[in-house]
Amino acid sequence: MSGIAFFSFGRKLFLSVTLLFFIFAAVLILFQYQREKVFKVELLNSKLQDCNDWLHRDLTETENRKEEFPAALYAERFGLKDLRVTIIDFEGNVVYDNFDAIHRQMANHLHRKEVGLALSKGYGYDVRRLSESTGITYFYSATRYDDCIVRTALPYDTELRKTLRIDPEYIWLAILIAFVLIVIFYKTTNRLGISVNNLRKFAVQIDRNEPYDYNTVMKTFSNDELGEISQHIIKIYQRLHETKEALYIEREKLITHLQSSREGLGVFTGDKKEILVNSLFKQYSNIISDYNLETTESIFNIPEFEAITQFINKFRNRHTGNEEKRMSMPITKDGRNFTVECIIFQDLSFEISINDITQEEQQSQLKRQLTQNIAHELKTPVSSIQAYLETIVTNRNIAPEKVSVFLQRCYEQSNRLSRLLRDISVLTRMDEAANMIEMEKIDITALVGNIINEVSIDLDEKQITVINSLRKDIQVRGNYSLIYSIFRNLTDNAIAYAGTRIQITINCFREDESHYYFSFADTGVGVGPEHMQRLFERFYRVDKGRSRKLGGTGLGLAIVKNAILIHGGNISAKSNQGGGLEFIFTLSKER
């Protein structure tokens, strides 16, 4: 954290601005230094040029009498100590030098810098050059006139260096200004850095989903433009966060509505990946399919959904304009009629709804027939008992053995009537007091194993093999007697009506966050498609005569359906691929 704090935005900004300022200040000081240096040199050269003018004027007045030329006088007049005066002709020859003892031995001066500049521009100077004749370093200044070139020179000694030295006052002033500006830079960048660092900390905090106090965060920003911008960003995020929370609540409401909907609903991405589906959609998909679907996306591979799949692919492969983005089609399977509707959204995601249009009719028929069925089912055993008893009462000479047979038949009809009333009572209790049923944790695998052991004699008599493929960790919270009645009634139903030498398979083929998906299938005689949609009706029998002979009440599968509904599931029946009947149902994990 210390490394991060050291290289914070404020420090980086301060160092960057300071570095740029130092570069600018160094360039400016160097430029000013060069200007001051040139100014000093130009000032000295101007002074020597004035001296040259005076020298040439006096030289003209003395009518070229060099031996009478007062060079020392000019040195004293202009305050120039050890002034050296040289007169050069246009050929570069030294005509006069106040060091007259050696001027006759001097080399040609045509290639001297100051002489060359004087010949081309009228004047010139050379700041620092060693004299070949005297061995002394001089500052030279030459001026061209109509008849000659006059050159003056001063020894480049300590005194001349002081004259040409740059005054340090402006450098100290520049350093002072730089220091003041750096302090201002630091305060400004530090204030900006605090706002940026606080905004960065807030971004990290919300990225980690850490809690924060809105009012505290708002107070951490400075009262400047950047602080105001940062506060606006926090306000925008706060509004987005509140909107997200509201959307999340609405999403939960939508999911709850979707799961409790009476139609199967599924929402998918444009590439047919599941976004959200309810359990009824999965249930209906398995009814329509000829095999159990392990994933919801598998519905696009079954023939019944081919038209829907083609409709979706048409919009995936090309963006259509004003074409209808809704399609509806009917599907009939095992005596049940479904309406499948597909709606494609703007982003090419889509929704598929599966509606069982036979459900309302079944409910209506159930209500109409329920009273008639109850009266009819009760009338049969009561009439039988009444007829047998009436025969015994009215025929006093009836043989005792025949009386015993009639009483035995009365007893059997009484037991049948008792079972019928018991099943009606169970259904009524489930319909009217479902919320009062006690719930507990139930091991489905152990429960099914117990049922198989209980009916083992009946299984052996009819040579029925049971394959229990349930794994050991399937547990639900529910009512034990009702869960027991689900698997016991399905097992008894298969034993009674499926036939002999068959195979029963019990399997949990899928689970999700909320439900287990079970399959109870047999390889028996099965039932016709016209009976599929009515199997769970109360008192409905496929073969009425045979069912009564076997002692059935016609309420077993109705009890199964109601028990499953109470446990948050659904059940449906379809023809098994290998022959026989298959029940597909779900049970909620928690109720």
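The values are calculated or read from the model by the stated rules, or taken from the named source; none is laboratory data. Predicted, not measured: the structure shown is a model, and the values here were computed from it. Using ideal geometry, Cβ is built from the backbone for each residue, glycine included, and neighbour counts are taken over all protein chains shown.
Scanning the range 156-192 for residues being among the basic types (Lys, Arg) and modelled with pLDDT of 80 or more gives a total of 0. Go through the range 487-513 and give me each residue that's β-branched (Val, Ile, Thr) and touching an Asp or Glu at 6+ places or on another chain (Cβ under 6 Å). Of everything in the range 487-513, those that are β-branched (Val, Ile, Thr) and touching an Asp or Glu at 6+ places or on another chain (Cβ under 6 Å) turn out to be Ile495, Ile502, Ile504.
Scanning the range 286-304 for residues that are in a helix (DSSP H, G or I) and among the charged types (D, E, K, R) returns Glu297, Glu304.
When Gly478, Gly449 are screened for being touching a strand residue (DSSP E or B) at 6+ places or on another chain (Cβ under 6 Å) and of a type in the set (Gly, Ala, Ser), only Gly478 passes. When residues in the range 558-569 are screened for being farther than 16 Å from Asn479 by Cα and touching a strand residue (DSSP E or B) at 6+ places or on another chain (Cβ under 8 Å), 0 of them pass.
So is Asn373 more than 30 Å from Asp473 (Cβ to Cβ), in the same structural domain as Ile474 (by TED's automatic domain parsing) and at pLDDT 65 or above or not? Taking the combined requirement at face value, the residue does not satisfy it.
Here are some residues: Phe509, Phe520. Which one is under 22 Å from Gly335 (Cα atoms), touching a strand residue (DSSP E or B) at 6+ places or on another chain (Cβ under 9 Å) and modelled with pLDDT of 90 or more? None of the others qualify; the one that does is Phe520. A search for C-beta distances below 8 Å between a residue of the range 496-518 that is among the hydroxyl-bearing types (Ser, Thr, Tyr) and any residue that is part of a loop (DSSP other than H, G, I, E, B) and surrounded by 20 or more Cβ atoms within 10 Å (Cβ to Cβ), counting only pairs 6+ apart in sequence or on different chains, returns Tyr497/Gly524; Thr500/Ile464. Do we have Arg534 as at pLDDT 85 or above, farther than 22 Å from Glu590 by Cα and not in a helix (DSSP H, G or I) here? Spelling it out, it is not the case that Arg534 is at pLDDT 85 or above, farther than 22 Å from Glu590 by Cα and not in a helix (DSSP H, G or I). Cβ-Cβ distances below 8 Å connect the following pairs, each with a first residue in the range 248-266 that is part of a strand (DSSP E or B), a second residue that is of a type in the set (Gly, Ala, Ser) and at pLDDT 75 or above, and a separation of six or more residues or different chains: Gly264/Ser285; Gly264/Ser353; Leu265/Ser353; Gly266/Ser353.
Scanning the range 455-478 for residues that are loosely packed, with under 12 Cβ neighbours inside 10 Å, among the acidic types (Asp, Glu) and in a helix (DSSP H, G or I) yields a total of 2.
Okay, residues lined up against (1) at pLDDT 65 or above; (2) surrounded by fewer than 19 Cβ atoms within 10 Å (Cβ to Cβ); (3) at positive phi:
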| position | (1), (2), (3) |
| --- | --- |
| Thr60 | yes, yes, no |
| Tyr74 | no, no, no |
| Arg84 | yes, no, no |
| Glu91 | yes, yes, no |
| Phe99 | yes, yes, no |
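Condition check: modelled with pLDDT of 90 or more, surrounded by 12 or more Cβ atoms within 10 Å (Cβ to Cβ) and not in a strand (DSSP E or B). Does Leu417 satisfy that? So Leu417 does not fit the description; no. In the condition set (1) assigned to a helix (DSSP H, G or I); (2) modelled with pLDDT of 85 or more, Glu351 is compliant with all but (1). Per the conditions (1) hydrophobic (A, V, I, L, M, F, W, C); (2) outside any strand (DSSP E or B); (3) surrounded by fewer than 16 Cβ atoms within 10 Å (Cβ to Cβ), the sole criterion not satisfied by Ala496 is (3).
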